[in-house]
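Asks: Before I ask anything, let me first share the structure, which is written out below as structure tokens.
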Amino acid sequence: DGHMVLCFGNGGSATQASGKGPVVLDCSGKSALQMLQAKDPFANSHPLKKTILDADAVVLVVDASSSNKQLSEEFKQFAHWLNQLHELRGRRTDIAALPVYFVLTKCDLLARKEDTAGEWIKRVEQFKGKFAENFRKYLKQHDPGFGTIKLRLSATAIKRPAFTDRPGRDQEPFGVAELFRECLRSASDFQERRLISQR
């Protein structure tokens, strides 16, 4: 809940500091939640401010099994946070289309006992589409000029549940490897555009 993961591409400030390849920073849920709930999340005093502004991609994580009330509250928190980030990036004249991923986790909990694997995946995709549509509408109501951020949506699960047409697979995650590949690729592309812009 209120959890953020920040991805850095090759050659970014975090990479240069460590001398290694891509860096993934998984910040604490408590610290992220405090930032999401803050009236001014990017105040100079917040310890995550510089890290987020230096990031080449940001991942926001939402529990897909949350109640509608919980999801609505997270919509508000994320929308406010993204609007503040968008506004700050605009003041800094950062390049457009920072990759921001919304990740629906625990999608295995959306499965029903009578489901086939295909029916479950279809339900996950429907849920993902509805979530994306509602959230984009919410964002447009609060800021129709969302140009410096590019939203993407993914669905994941740490295991594949049992279905009527196949057994469960506790050691086989759903959508996780694909998410990391896409996130690191888009982070690398963003970083390259940022470096070209700075030159």
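The values are calculated or read from the model by the stated rules, or taken from the named source; none is laboratory data. Worth saying up front: this structure is predicted, and the values here are computed from it rather than measured. Virtual Cβ from ideal backbone geometry, glycine too; neighbours counted across all protein chains shown. Areas reflect the complete protein model, heavy atoms only, side chains present, ligands, DNA and RNA absent. Shrake-Rupley method; radii C 1.70, N 1.55, O 1.52, S 1.80 Å.
Asks: Among (1) over 23 Å from the mean Cα position of the chain (by Cα); (2) open to solvent by 100 Å² or more (accessible area, probe 1.4 Å); (3) at pLDDT below 90, where does residue 140 come up short?
Replies: (1)
Asks: What is the residue count in region 63-83 for residues that are buried (at least 20 other Cβ atoms within 10 Å of the Cβ) and farther than 15 Å from residue 135 by Cα?
Replies: Summing the residues that are buried (at least 20 other Cβ atoms within 10 Å of the Cβ) and farther than 15 Å from residue 135 by Cα in region 63-83 gives 0.
Asks: For a quick check of your reading of the model, give me the residue pairs whose first member lies in region 113-130 and is without any contact (Cβ under 8 Å) to a residue 24 or more places away in the chain and on the phi > 0 side of the Ramachandran plot, whose second is exposed (fewer than 15 other Cβ atoms within 10 Å of the Cβ) and outside any helix (DSSP H, G or I), with beta-carbon atoms closer than 6 Å and at least 6 apart or on different chains.
Replies: none
Asks: Do you know which residues across region 148-199 are in contact with a Phe, Trp or Tyr (Cβ under 7 Å, 6 or more places away or on another chain), in a helix (DSSP H, G or I) and among the small types (Gly, Ala, Ser)?
Replies: 187
Asks: Continuing with this model, one more query. Report, by residue number, each residue of region 1-28 that is at pLDDT below 75, under 24 Å from residue 66 (Cβ atoms) and open to solvent by less than 90 Å² (accessible area, probe 1.4 Å).
Replies: Filtering region 1-28 down to residues at pLDDT below 75 leaves 1-22, 28.
Retained after the next criterion (residues that are under 24 Å from residue 66 (Cβ atoms)): 1-7, 28.
Residues satisfying the conditions are 2, 3, 4, 5, 6, 7, 28.
Asks: Quick one: in region 84-109, which of the residues that are open to solvent by 40 Å² or more (accessible area, probe 1.4 Å), part of a helix (DSSP H, G or I) and modelled with pLDDT of 85 or more is nearest to residue 40 (Cα to Cα)?
Replies: 84
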